[in-house]
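Participant: Before we start, here is the structure in question, set down as structure tokens.
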Amino acid sequence: MQTLSDRAFVTSPVPLIVSAEMRMLGLRAASPRLRRVRHGVHARRDLYDALRPWQRYAARVHAFARTHPGAVLCLESAAVLHGLPHFGETAQIHVLADAGEKSRRFGDVAVHSSADSRGVTSIAGIHCTDLLDTAVDLTRVLSPAKGLAVADAALSPFQGGNVRRSIADETLGGQMNSRGRARARWAWTNADERSESPGESISRAVIAWCGFETPQLQAEFAYEGARDRADFFFPSSRVIGEADGWGKYDLDDPDAAAQRLADEKRREDRLRRNGHPIARWDLSDVWRVDPLRVALVAADVPLVRPPQEGMLASMKLSPREVAVSRLAAQS
């Protein structure tokens, strides 16, 4: 289980080299071994190209912070430092405008002005909006399922969150800006502090929008001298749902992975022997919706309400992220 601090990038995921350092080291910006992250900041091409999309964004955020040390990061850029859930590679670097400054964009940087004040903190020497304001702001602009994952993480003690729902509601209600308020209210109303991962949060949204019975979260079962906990439990059918993240199996450590897989097999067999069908899916199944729906139907989880097709369609929307075609062009 990852916490906010586990997911946070308080330093760049790859070493960044600024122009002054390059001159001292005798490195040329035109070298094929280097990739320009932003003007005046480079990284080793092989290391940068191996990053996952959200890691690339973290590197871009840190490159911006190196060249703009007085800036206050907000939205997804602040989320990088706080460890709030991140999805894909965000297209823009987001910065809070100074008092009296107007909103504007230059290159891949969006400067946001607001009549509402924000709490500001410093993480590893980089200024950013605090966890509360970052989470509230993100629930206004992200798609509903992603906003739910952010609200869950901010609330969840399991994930290291310390935001109180009442304070988030008060913050949202006290802001003059009404844009995205209904979306944010939905996220905070439906947020659940028992959620232990973004994958569980996204799954919970899709389960509800498909029309399935509302599951219990983190239900515990005591069988055969063991105590097992499940991501989701559907009481009427006794089905246990598991949102798999391969990271929990320590695949980089073959011995640890083998042990965890064996333990998981024994756990699943124990639950099945005691009358619990198991439905499994991973996050890629959730984004596509149908694989998760098929898994739950096959396990006989009942549909109790009509599907919310509009909300399900929002799973395909990622307007704030770098397009796949652009990612291909960058590689």
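Participant: Report the relative contact order of the chain, percent, no decimals, based on alpha-carbon pairs under 8 angstrom and at least 6 residues apart.
Facilitator: Numbers: 544 pairs, mean separation 45.4, N = 331.
After rounding, I find 14 percent.
Participant: Quick one: which residues, 5 or more positions from Y223 or on another chain, have an amide H under 5 Å from its amide H? H modelled 1.01 Å from N in the peptide plane, none for Pro or chain starts.
Facilitator: D228
Participant: Give, in whole angstrom and from largest to smallest, the semi-axes √(5λ) of the equivalent ellipsoid of the stretch 124-207, with λ running over the eigenvalues of the Cα gyration tensor. Numbers along the way, then the final one.
Facilitator: Details: eigenvalues 69, 53, 26 Å².
Those come to 19, 16, 11 Å.
Participant: Residues in the stretch 1-23, backbone N under 12 Å from the label point at R229 (7 Å along the Cα-to-beta-carbon vector): list them, ranges by number please.
Facilitator: Under cut-off, by backbone N: 1-2.
Participant: If you take the alpha carbon radius of gyration of the chain and divide it by 2.2 N^0.38 Å, what ratio comes out, to two decimals?
Facilitator: Dividing the Cα Rg of the chain by 2.2 N^0.38 Å gives 1.09.
Participant: Considering only DSSP beta bridges where both residues belong to the stretch 56-135, give the percentage that are antiparallel (nearest 5). Present the calculation step by step, with values, prior to reporting the outcome.
Facilitator: Working: 9 of 15 bridges.
Given both bridge residues lie in the stretch 56-135, the antiparallel proportion sits at roughly 60 percent.
Participant: Given G119, A222, G40, which one lies farthest toward the positive end of the charge dipole of the chain, if we put +1 on the Cβ of every Lys and Arg and -1 on the Cβ of every Asp and Glu?
Facilitator: After comparing all options, I get G40.
Participant: Moving on. Along the positive direction of the dipole of the chain (beta-carbon charges: Lys, Arg +1; Asp, Glu -1; about the Cα centre), which of L303, S143, A65 reaches farthest?
Facilitator: A65
Participant: Between D98 and S166, what FRET efficiency comes out of the Förster formula 1/(1 + (r/R0)^6) with R0 = 22 Å and r the beta carbon distance, rounded to 0.05?
Facilitator: Numbers: r = 31 Å, r/R0 = 1.40.
It comes to 0.10.
Participant: Any chance you could get the radius of gyration and Dmax over the Cα atoms of the stretch 46-136, in Å?
Facilitator: Rg and Dmax of the stretch 46-136, Cα atoms, are 12.8, 43 Å.
Participant: While we're looking at this one, here's another question. Return the long-range amide H neighbours of V72 (sequence gap of 5 or more, or a different chain), with a cut-off of under 5 Å between placed amide H atoms.
Facilitator: Result for V72 returns L96.
Participant: Please find the FRET efficiency linking D49 to A262, where r is the Cβ-Cβ separation and R0 is fixed at 30 Å, and quote it to the nearest 0.05.
Facilitator: On the way: r = 35 Å, r/R0 = 1.18.
After rounding to 0.05, the efficiency reads 0.25.
Participant: Still on this structure, I have one more. Can you pull the one-decimal nm distance between simple spin-label points at Q218 and S31, each 7 Å off the Cα toward Cβ?
Facilitator: 4.8
Participant: Hey, another quick one. Which FRET efficiency value, to the nearest 0.05, do you get for R23 and A124 by plugging their Cβ-Cβ distance into 1/(1 + (r/R0)^6) with R0 = 30 Å?
Facilitator: Working: r = 25 Å, r/R0 = 0.85.
Once the sixth-power term is evaluated, E becomes 0.75.
Every number here is computed from the coordinates shown, using simple stated rules; none is lab data. Here the structure is a predicted model, which is why all the values come from computation and not from measurement. We place every Cβ from the backbone using ideal geometry, glycine too, and count neighbours over all the protein chains shown.
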